[in-house]
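**Student:** The structure under discussion is supplied below as structure tokens; questions concerning it will follow.
The values are calculated or read from the model by the stated rules, or taken from the named source; none is laboratory data. Every value quoted in this text rests on a predicted model; they were computed, and no experiment measured them. In this analysis, Cβ positions are derived from the backbone assuming ideal geometry, glycine residues included, and neighbour counts consider all displayed protein chains. For the accessible areas, the whole protein counts, side chains as well, though only heavy atoms, and no ligand, DNA or RNA atoms are used. Shrake-Rupley method; radii C 1.70, N 1.55, O 1.52, S 1.80 Å.
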Amino acid sequence: MIADGVEDEEKWLAAGIAGLQQNAFYMHRALDSNNLRDALKYSAQMLSELRTSRLSPHKYYELYMRAFDELRKLEMFFKEETRRGCSIVDLYELVQHAGNILPRLYLLCTVGSVYIKSKEAPAKDVLKDLVEMCRGIQHPVRGLFLRSYLAQVSRDKLPDIGSEYEGDADTVVDAVEFVLQNFTEMNKLWVRMQHQGPAREKEKREKERSELRDLVGKNLHVLSQIEGIDLDMYKETVLPRVLEQVVNCKDEIAQYYLMDCIIQVFPDEYHLQTLDVLLGAFPQLQPTVDIKTVLSRLMERLSNYAASSADVLPEFLQVEAFSKLNNAIGKVIEAQPDMPILGVITLYSSLLTFTLHVHPDRLDYADQVL
């Protein structure tokens, strides 16, 4: 059965690629002769291949990448058209006539990217429109790849501090709002995958979900790259909103991966200054989440941060890092009564390592741990 499934999937992928290439060929021909209507017709047919439900995420990615390459060429054509005097607003309207919703949204994101670049409308209005419109796709795999495409074409057009898209109407707040909204919707789609299909395929679903996790995590990476996010904004908006999503999704795979992502992508000094908020989320996670690994990584990062410069040590004392970590570990052990004794010991040995690195002179801390 499995072998047949794999062979079938190869066939479906081959058929999808063939259909995509054929329509791409006609699309190119239309582009070469500046025939906008035909170019849109064939590009929509080409993108219809992405409406398939027969491919695993791994194979779907292959198909998506081919479509992505073609969409770059289409984007170049749209840029040329606007230089020739074609109205970008008309173009934005025109692509919304594509018959099927998935091709329509891919085309809309592509034109939207050119629309933002043209600066004929505030970036935040176009971004808000696109991120809202993408709600039209609720199929998890198709929705995740569509939103991933939106993230990709917009990441260099966010109204960030010092970016050319920052203006009176557009601020870094709009950029953060857009990325957070896209992240929230992507995480919902990703979690929904877990609950689709028969129970006996649970392992297969978990494997497929782990193949797609980077699409969701990339949003956090984009957030960490936004220059305008200072400590206050991170503390007030970014971290609480991300943690709210992580805790509320009640999904073991998502919680483990996203908590780890937060620890890896944001600066150590931010973690130190928001320890209360970050640690407060741990006891609220599902009892099956491997908290010891994530918490140990956090302590390891903070130890390395302390070792990086003597100047940062006063910060650790100022925020009472040791007692906060100690309390958090106690709360996690309380919240997870079934945690194996090995997990408990791992947490305390990580805390001991942290203490010896950061406060080698405080034997009372080491005593508490022991």
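**Student:** Of the residues Leu258, Leu272, Leu302, which single one is over 22 Å from Phe354 (Cβ atoms), part of a helix (DSSP H, G or I), in contact (Cβ under 8 Å) with a residue 40 or more places away in the chain and out of contact with any His (no Cβ under 6 Å at 6 or more places or on another chain)?
**Tutor:** Leu258
**Student:** Criterion first (more than 28 Å from Val222 (Cβ to Cβ), in the same structural domain as Thr353 (by the TED database), modelled with pLDDT under 95 and among the charged types (D, E, K, R)) does Glu320 satisfy it?
**Tutor:** no
**Student:** Name the residue that is surrounded by the most Cβ atoms within 10 Å (Cβ to Cβ), counting only residues in segment 187-202 that are in a helix (DSSP H, G or I) and modelled with pLDDT under 90.
**Tutor:** Gln194
**Student:** Which condition does Val277 not pass, out of (1) modelled with pLDDT under 95; (2) surrounded by fewer than 17 Cβ atoms within 10 Å (Cβ to Cβ), if it passes all the others?
**Tutor:** If we test Val277 against (1) modelled with pLDDT under 95; (2) surrounded by fewer than 17 Cβ atoms within 10 Å (Cβ to Cβ), just (1) comes out false.
**Student:** With respect to Val247, determine if the residue is out of contact with any Gly (no Cβ under 8 Å at 6 or more places or on another chain), open to solvent by less than 30 Å² (accessible area, probe 1.4 Å) and either within 19 Å of Asp214 (Cα to Cα) or aliphatic (A, V, I, L, M) (or both).
**Tutor:** Details: out of contact with any Gly (no Cβ under 8 Å at 6 or more places or on another chain): yes; open to solvent by less than 30 Å² (accessible area, probe 1.4 Å): yes; either within 19 Å of Asp214 (Cα to Cα) or aliphatic (A, V, I, L, M) (or both): yes.
Yes.
**Student:** Here is a follow-up. Can you tell me which residue among Gln96, Gln45 is modelled with pLDDT under 95, open to solvent by 10 Å² or more (accessible area, probe 1.4 Å) and closer than 22 Å to Leu150 by Cβ?
**Tutor:** From the options Gln96, Gln45, the qualifying one is Gln96.
**Student:** Hey, Phe145 hits all of (1) modelled with pLDDT of 95 or more; (2) open to solvent by 30 Å² or more (accessible area, probe 1.4 Å) but one; which does it fall short on?
**Tutor:** For Phe145, the exception is condition (2).
**Student:** Do we find that Lys250 is assigned to a loop (DSSP other than H, G, I, E, B) and at pLDDT 95 or above in this structure?
**Tutor:** Spelling it out, Lys250 is indeed assigned to a loop (DSSP other than H, G, I, E, B) and at pLDDT 95 or above.
**Student:** In the list Leu91, Leu74, which residue meets the criterion of being outside the structural domain of Gln152 (by the TED database), in contact with a Phe, Trp or Tyr (Cβ under 7 Å, 6 or more places away or on another chain), farther than 30 Å from Lys204 by Cα and assigned to a helix (DSSP H, G or I)?
**Tutor:** Result: Leu91 is the single residue among Leu91, Leu74 that is outside the structural domain of Gln152 (by the TED database), in contact with a Phe, Trp or Tyr (Cβ under 7 Å, 6 or more places away or on another chain), farther than 30 Å from Lys204 by Cα and assigned to a helix (DSSP H, G or I).
**Student:** Additional query: Might you check whether a residue that is farther than 26 Å from Ala15 by Cβ, open to solvent by 10 Å² or more (accessible area, probe 1.4 Å) and in a helix (DSSP H, G or I) occurs anywhere in segment 110-117?
**Tutor:** The answer is yes, given that some residue of segment 110-117 is farther than 26 Å from Ala15 by Cβ, open to solvent by 10 Å² or more (accessible area, probe 1.4 Å) and in a helix (DSSP H, G or I).
Residue-wise test of (1) under 13 Å from the mean Cα position of the chain (by Cα); (2) at pLDDT 95 or above.
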| position | (1), (2) |
| --- | --- |
| Glu177 | no, yes |
| Glu185 | yes, yes |
| Glu208 | no, no |
| Leu243 | no, yes |
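**Student:** Next question, about the same structure. Can you pull out the residues in segment 152-175 that are surrounded by 22 or more Cβ atoms within 10 Å (Cβ to Cβ) and either at positive phi or under 11 Å from the mean Cα position of the chain (by Cα) (or both)?
**Tutor:** Once the filter is applied, which keeps residues that are surrounded by 22 or more Cβ atoms within 10 Å (Cβ to Cβ) and either at positive phi or under 11 Å from the mean Cα position of the chain (by Cα) (or both), segment 152-175 yields nothing.
**Student:** Which of the residues belonging to segment 40-59 are in a helix (DSSP H, G or I), under 18 Å from Ala14 (Cβ atoms) and either in the same structural domain as Ser210 (by the TED database) or among the small types (Gly, Ala, Ser) (or both)?
**Tutor:** Matches in segment 40-59: Ser48 only.
**Student:** Let me ask you something else. Sort through Gly217, Gly228 and tell me the only one that's over 18 Å from the mean Cα position of the chain (by Cα), buried (at least 16 other Cβ atoms within 10 Å of the Cβ) and closer than 17 Å to Pro267 by Cα. It would help to see each step written out before you state the result.
**Tutor:** Numbers: Gly217 fails: over 18 Å from the mean Cα position of the chain (by Cα).
Of Gly217, Gly228, the one residue that is over 18 Å from the mean Cα position of the chain (by Cα), buried (at least 16 other Cβ atoms within 10 Å of the Cβ) and closer than 17 Å to Pro267 by Cα is Gly228.
**Student:** Pairs needed: first member in segment 103-116, more than 11 Å from Leu40 (Cβ to Cβ); second member anywhere, open to solvent by less than 10 Å² (accessible area, probe 1.4 Å) and aromatic (Phe, Trp, Tyr); C-beta distance under 7 Å; at least 6 residues apart or different chains.
**Tutor:** Pairs found: Tyr106/Tyr149; Cys109/Tyr149; Val114/Phe78.
**Student:** Please determine whether any residue of segment 306-319 is loosely packed, with under 15 Cβ neighbours inside 10 Å and assigned to a loop (DSSP other than H, G, I, E, B).
**Tutor:** Among the residues of segment 306-319, at least one is loosely packed, with under 15 Cβ neighbours inside 10 Å and assigned to a loop (DSSP other than H, G, I, E, B), which makes the answer yes.
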